[in-house]
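The values are calculated or read from the model by the stated rules, or taken from the named source; none is laboratory data. Predicted, not measured: the structure shown is a model, and the values here were computed from it. As a convention, Cβ positions derive from the backbone with ideal geometry for all residues, glycine included, and neighbour counts pool all protein chains shown.
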Amino acid sequence: KPSFTIAIDGPAAAGKGTLSRRIAEDYGFHHLDTGLTYRATAKALLDAGLPLDDEAVAERVALSLDLSGLDREVLSRHEIGEAASKIAVMPAVRRALVEAQRRFAMKSPGTVLDGRDIGTVVCPQAPVKLYVTASSEVRARRRYDEMIARGDAADYASVFEDVKRRDARDMGRADSPLKPAADAHLLDTSEMSIEAAFQAAKTVVDAAL
Ligand code: C5P
């Protein structure tokens, strides 16, 4: 029986991580946050003191990445996110990570993959595609509130600038830019609770199962 894949894409801080985890848990599916594969590759480069602008070096690190045990806690640092979005423009890095993500997507009985290009590039045949978004103001506010809750120093204006810069890089790159797949269901969570977004997503999944 082929695996059932749910593809979830959207910009940073749209709520797709929380949503993806809940959906995976609810259906008993495996979950892969593909942003972590870019972050882990970036962290390995930073830790080894390797350059972030050498595609062959970054590709080698991406090819050796182990998908088990990726931990958002360890990879959450801002510098890691910035470095991740820099190496994510490199086609050789994307090729290596997409290959690993596709293997993960075949796990039985089903999988939830979230990221930027799941519905468009990684799993274009996925029976369910969701594009989760929210206004840049709302996303910056959520990111800011998280940072404050963690006890980090943060100021809203610079978080807002970061969100916009990250969007521009993710949507503007030549290879696999962030955009909704033609057949994706759009879910704007600007004015939605997590619970409401979860229920809306469930309705879409149940109709396809
Ligand atoms: O989602 P997260 O912020 O952890 O992702 C970090 C960076 O990795 C993103 O800004 C994006 O540039 C990149 N990414 C990507 N494709 C994915 C997931 C993440 O290019 N499928």
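Identify the residue in the range 190-209 that is outside any helix (DSSP H, G or I) and over 17 Å from residue 7 (Cα atoms) and, among all such residues, is modelled with the lowest pLDDT.
First, the residues of the range 190-209 that are outside any helix (DSSP H, G or I): 190-193, 209.
Retained after the next criterion (residues that are over 17 Å from residue 7 (Cα atoms)): 190-193.
Working: 190: 96, 191: 95, 192: 94, 193: 91.
Across the range 190-209, the extreme among qualifying residues is 193.
Hey, does the range 68-76 have a residue that's touching a residue at least 40 places away in the same chain (Cβ under 8 Å) and farther than 24 Å from residue 124 by Cα? Checked against the condition, which is being touching a residue at least 40 places away in the same chain (Cβ under 8 Å) and farther than 24 Å from residue 124 by Cα, the range 68-76 yields at least one hit.
Within the range 28-56, can you find the residues that are in a helix (DSSP H, G or I) and surrounded by fewer than 18 Cβ atoms within 10 Å (Cβ to Cβ)?
Narrowing the range 28-56 to residues in a helix (DSSP H, G or I): 35-47, 55-56.
Within the range 28-56, 44, 46, 47, 55, 56 qualify.
Checked against the criterion of being within 12 Å of the ligand (Cβ to nearest atom) and either closer than 28 Å to residue 147 by Cβ or not β-branched (Val, Ile, Thr) (or both), the range 25-32 has at least one qualifying residue.
Figure legend. Inter-residue proximity from the range 10-27: first residues in a helix (DSSP H, G or I), second residues surrounded by fewer than 22 Cβ atoms within 10 Å (Cβ to Cβ) and of a type in the set (A, V, I, L, M, F, W, C), beta-carbon distance below 6 Å, spacing 6+ or different chains. Indicated pairs: 18/194; 22/198.
Looking only at the range 65-81, which residues are surrounded by fewer than 16 Cβ atoms within 10 Å (Cβ to Cβ) and either within 17 Å of residue 97 (Cα to Cα) or in contact with an Asp or Glu (Cβ under 8 Å, 6 or more places away or on another chain) (or both)? Explain how you work it out, then say what you get.
Let us first name the residues in the range 65-81 that are surrounded by fewer than 16 Cβ atoms within 10 Å (Cβ to Cβ), namely 66-69, 71-74, 76-79.
Those that are surrounded by fewer than 16 Cβ atoms within 10 Å (Cβ to Cβ) and either within 17 Å of residue 97 (Cα to Cα) or in contact with an Asp or Glu (Cβ under 8 Å, 6 or more places away or on another chain) (or both): 66, 67, 68, 69, 71, 72, 78.
The set of residues in the range 139-181 being more than 18 Å from the chain's Cα centre (by Cα) and either basic (Lys, Arg) or closer than 19 Å to residue 18 by Cα (or both) consists of 141, 144, 145, 147, 148, 149, 150. Take the residues in the range 120-156 that are acidic (Asp, Glu) and assigned to a loop (DSSP other than H, G, I, E, B), then tell me which one is surrounded by the fewest Cβ atoms within 10 Å (Cβ to Cβ). Taking the candidates together, the pick is 155. Would it be correct to say that residue 60 is within 16 Å of residue 100 (Cβ to Cβ), of a type in the set (Lys, Arg) and away from the ligand (no atom under 14 Å from the Cβ)? Answer is yes for this residue.
From the list 94, 165, 173, 139, the lone residue that is within 13 Å of the ligand (Cβ to nearest atom) and closer than 23 Å to residue 200 by Cβ is 139.
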